[in-house]
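Here the structure comes first, spelled out in structure tokens, and everything after it is commentary.
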Amino acid sequence: MKKLVTRRQAIVAGLASMGGVALARPKALPPTYGSLLRMADDVTYVAHRALLPQDALVREYSERDITPFPAIGTTNARVDVADWRLSVEGLVARPQTFSLADLKRLPARTQITRHTCEEGWSAIAKWTGVPLSVILDAAGVLPSAQYVKSHSYDDYENSIDLLDAFHPQTILAYAMNGRDLPVPHGAPLRLRVERQLGYKGLKYLTRLIVTSEFDDGGQKGDLANGWAWYTGI
Amino acid sequence: MAALVYTGVVMLMAHPRLYWGQAGNDLTPALIELPISRNYHHGGWDGEARTYNIFNKNGWGRSLHFLAAWILVVPGALYVLAGVAGGHFRRRFWREYGVWQGRTYALVVFVLTPLIILTGLAMSPAVTAAAPVLLSAFGGQQSARTIHFFLFVALVLFVVGHVVMVIRSGFVRQMRGMTFGE
């Protein structure tokens, strides 16, 4: 019987299809700096964006699924909430700042979701906050924008693309399990990016910068420390 | 595959506790606590807040795991689909090979390998948003992680057994048979 596909053909076709995915790249991709690891991250990013429905919601759990929740990273950054503001700047028509009271007056979303830590553990909590899309719409994102970068007052930076930024479950959370966000979990405001690993949800937020440029976040950024930028996994 | 095994262990060392259910962490009971040390140090717990000075090196482990997975899974899936369509597996596993050899290969190709891919995907927040059935099928993200671990153990045992038998039955002849044919 004639073989449909030989092993040699399968190997060649497989390698060629990898090349095909790499060639079919969208306009904006994070830099690879020639690293094979960063190229694999980009393949995953392109594949997720091409194959997964863009508006799919992560599973939401019930109150009885809530678990204890370790706080890691910076756990003791403190700021005077009366003086604290969230500034929204960059490629927006109306740059502005919000106090915590301003944010609490905006439409809120409450969701019980799973936090998936890159270390391997996970935890479920109830988060309440303002959808990032509400803030972005209030500020008026300009057409050239590609990313929303967040900056924390413990001096970390991170960015997500507009697809995740406008996702309904991407919220700026000021409450956890029905109480004000505790200091170890990023008081007064943290980002929740539910379709990516936990480290994309920056704590201790202070600035949101809408930008068209990919920004590694410098010394404390993900890429400089060998961490993937897109972690839908 | 060596890269997948190696980086799998690197990632496991960041959190060598396995759970059953949707979620699990240091503050919840483990199903199994593996007797391997963690590859980072932390400075103890302050309530539910963890302090630490040396960060784990999981980042590259995860990226290399996915690099290897893309290279293995895409051509591998094409090979399996072609093998099924062309009758290659039916002929080999059910007629040409011995009963136990054929059954073992069928188990690896049609059960263990698809399951290890699916349990891997069931740990992904983005993929399970699109396909929540993966969470239901395996009993949650942490159950999927635990099953992924035991499938890894089974496949490593299979490869070790396979390589030992290849060497014992004539290494050079078998290598030629596997790649370019006799």
Does segment A:22-43 contain any residue that is small (Gly, Ala, Ser), out of contact with any Gly (no Cβ under 9 Å at 6 or more places or on another chain), modelled with pLDDT under 90 and in a helix (DSSP H, G or I)? yes
So which residues in segment B:47-61 are within 7 Å of chain A (Cβ to nearest Cβ) and modelled with pLDDT of 80 or more, if there are any at all? B:48, B:49, B:50, B:58, B:59, B:60
Which of the residues that make up segment A:150-172 are in contact (Cβ under 8 Å) with a residue 40 or more places away in the chain and not in a strand (DSSP E or B)? A:153, A:154, A:155, A:156, A:163, A:167, A:168, A:169
Candidate set from segment B:126-182 (those that are assigned to a helix (DSSP H, G or I), at pLDDT 95 or above and small (Gly, Ala, Ser)); member that is farthest from residue A:67 (Cα to Cα): B:154
Please specify each residue of segment A:137-182 satisfying the condition of being more than 21 Å from residue A:106 (Cα to Cα), under 13 Å from the mean Cα position of the chain (by Cα) and acidic (Asp, Glu). A:157, A:161
For segment B:110-152, which positions are within 11 Å of chain A (Cβ to nearest Cβ) and among the aromatic types (Phe, Trp, Tyr)? B:149
Residue under question is residue A:147, and the condition is that it be of a type in the set (Ser, Thr, Tyr), within 11 Å of chain B (Cβ to nearest Cβ), surrounded by 18 or more Cβ atoms within 10 Å (Cβ to Cβ) and in contact (Cβ under 8 Å) with a residue 40 or more places away in the chain; does it hold? no
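Residues are listed down the side, and each one gets a yes or a no for (1) farther than 21 Å from residue B:106 by Cα; (2) without any contact (Cβ under 8 Å) to a residue 24 or more places away in the chain; (3) crowded, with 16+ Cβ neighbours inside 10 Å:
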residue: B:145; (1), (2), (3): yes, no, yes
residue: B:150; (1), (2), (3): no, yes, no
residue: B:155; (1), (2), (3): no, no, yes
residue: B:160; (1), (2), (3): no, yes, no
residue: B:163; (1), (2), (3): no, yes, no
residue: B:170; (1), (2), (3): yes, yes, no
residue: B:173; (1), (2), (3): yes, yes, no
residue: B:177; (1), (2), (3): no, yes, no
residue: B:180; (1), (2), (3): yes, yes, no
Counting only residues that are among the hydrophobic types (A, V, I, L, M, F, W, C), away from every other protein chain (no Cβ under 14 Å), out of contact with any Phe, Trp or Tyr (no Cβ under 6 Å at 6 or more places or on another chain) and surrounded by 12 or more Cβ atoms within 10 Å (Cβ to Cβ), how many does segment B:77-109 have? 2
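The values are calculated or read from the model by the stated rules, or taken from the named source; none is laboratory data. The shown structure was predicted, so the numbers you read here are calculated from the model rather than taken from an experiment. All Cβ positions, glycine included, derive from the backbone under ideal geometry; neighbour counts span all protein chains shown.
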